[in-house]
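Single-structure report; data block below.
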Amino acid sequence: MDNPLTLAQRALILATFLIGMGLAIAPLPASVRFMRPDWVALVLVYWCLAIPERIGIGSAWLLGLGLDVLYGSLLGEQALAKTLLAFLALRLTLRLRVFPRWQQAIAVGLLIGASDLVVFLVKAVRHVTVPVTSLMAPTIANMIVWPLVFLALREVRRRAGIS
């Protein structure tokens, strides 16, 4: 049987999500703002792959609700997207774990792109105009940043003894 997470380990996982949220709203110059990676989604995917029995759809839904409040978006918009992302990541966990890092980056970028597409469609239903091209740059940025996020969070997980 797996050992339950200690309070310190749970706090560390929560801290990684909070850091992701902080990076999500950190000010950037307008010239590069459109290329901002989805830090929260990257952290969520990492933890879904690393400890799928502990971080899952419920965690993603709560995280998404927090993002809805943080962004001031329609309540449930980000929650729906992050729930879909966690579902897909959990469904593909065994496959994604064996991919080389560069293939994993492409797969993770596409998963987050699918999540972003959900947000885009919800906004379209609400008649909020969002340029379709705004979906591509963050997807590519997510693919580029994934190996760094993976390595950083893997080190955090190893040092904290989270398994």
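The values are calculated or read from the model by the stated rules, or taken from the named source; none is laboratory data. This is a predicted model, so every value here is computed, not measured. Positions of Cβ are generated from backbone atoms using ideal geometry, with glycine treated the same way; all protein chains shown enter the neighbour counts.
What number goes with the only condition from (1) free of Cβ contacts under 8 Å to residues at least 12 places away in the same chain; (2) within 15 Å of the chain's Cα centre (by Cα) that Pro100 does not pass? Among (1) free of Cβ contacts under 8 Å to residues at least 12 places away in the same chain; (2) within 15 Å of the chain's Cα centre (by Cα), Pro100 violates only (2).
In the set (1) in a helix (DSSP H, G or I); (2) free of Cβ contacts under 8 Å to residues at least 60 places away in the same chain; (3) closer than 26 Å to Asn3 by Cβ, Gly113 fails one condition alone, (3). Sort out which residues of the stretch 140-163 are polar (S, T, N, Q) and surrounded by 14 or more Cβ atoms within 10 Å (Cβ to Cβ), and write them in order of number. Within the stretch 140-163, Asn142 is the sole residue that qualifies.
Check the stretch 141-162 and report whether any residue there is among the basic types (Lys, Arg), in contact (Cβ under 8 Å) with a residue 60 or more places away in the chain, at negative phi and assigned to a helix (DSSP H, G or I). Yes: one or more hits.
Looking only at the stretch 14-50, residues that are over 16 Å from Leu135 (Cα atoms) and not in a helix (DSSP H, G or I) come to 4 in all.
One residue alone among Leu117, Leu90 is among the aliphatic types (A, V, I, L, M), surrounded by 11 or more Cβ atoms within 10 Å (Cβ to Cβ) and modelled with pLDDT of 95 or more, and that residue is Leu90.
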